[in-house]
1. Between S16 and S46, how many nm apart are label points set 7 Å from Cα along the C-beta direction?
2. Convert each backbone phi in region 5-15 into a coupling constant with the Karplus relation 6.51 cos²θ - 1.76 cosθ + 1.60 (shift: θ = phi - 60°), then list the ³J(HN,Hα) values in order as whole Hz, x for Gly and Pro.
3. Below 15 angstrom from the Cβ of I11, what's the summed charge of the other residues (Lys, Arg +1; Asp, Glu -1)?
4. Which order do the peptides 49-60, 6-17 take when ranked by the mean count of other beta-carbon atoms within 10 Å per residue, highest first?
5. Report the local net charge at K62: Lys and Arg +1, Asp and Glu -1, summed over other residues whose C-beta lies under 13 Å from its C-beta.
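Taken together, the values in this text are just the output of simple stated rules run on the coordinates, not laboratory data. Just so it is clear, the model here is predicted, and its values are computed rather than measured. All Cβ positions, glycine included, derive from the backbone under ideal geometry; neighbour counts span all protein chains shown.
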Amino acid sequence: MDIEKILTEGIVFKGSKSSDGKKKEEKVKTKAKKKTYITGLHGSGSAKMKAEYRRRRANRHKQG
């Protein structure tokens with residue numbers, strides 16, 4: 001009887017319930033490492049070149 005029910009209705013898998021009902025603490029994310037790479041401050045030649053291209057592209061449509 002249970003097998004027929006499974007075949008006709010299928011099996012539904014539900015997520016586990018948390019014991020406390022509280023969400024996990026959100027971690028603080030930082031952009032410091034990414035920022036130093038993007039601006040080319042860490043000494044890499046390719047990062048400095050990329051930073052220069054980004055600066056030029058950002059200023060491309062500015063007038064004045």
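1. Between S16 and S46, the simple spin-label model gives 4.1 nm.
2. Values, residue by residue: 4, 5, 5, 7, 9, x, 10, 10, 9, 10, x Hz.
3. Numbers: positive: K5, K14; negative: D2, E4, E9.
With Lys, Arg at +1 and Asp, Glu at -1, the neighbours total -1.
4. Final packing ranking: 49-60, 6-17.
5. Details: positive: R55, R56, R57, R60; negative: none.
Around K62, the charge tally is +4.
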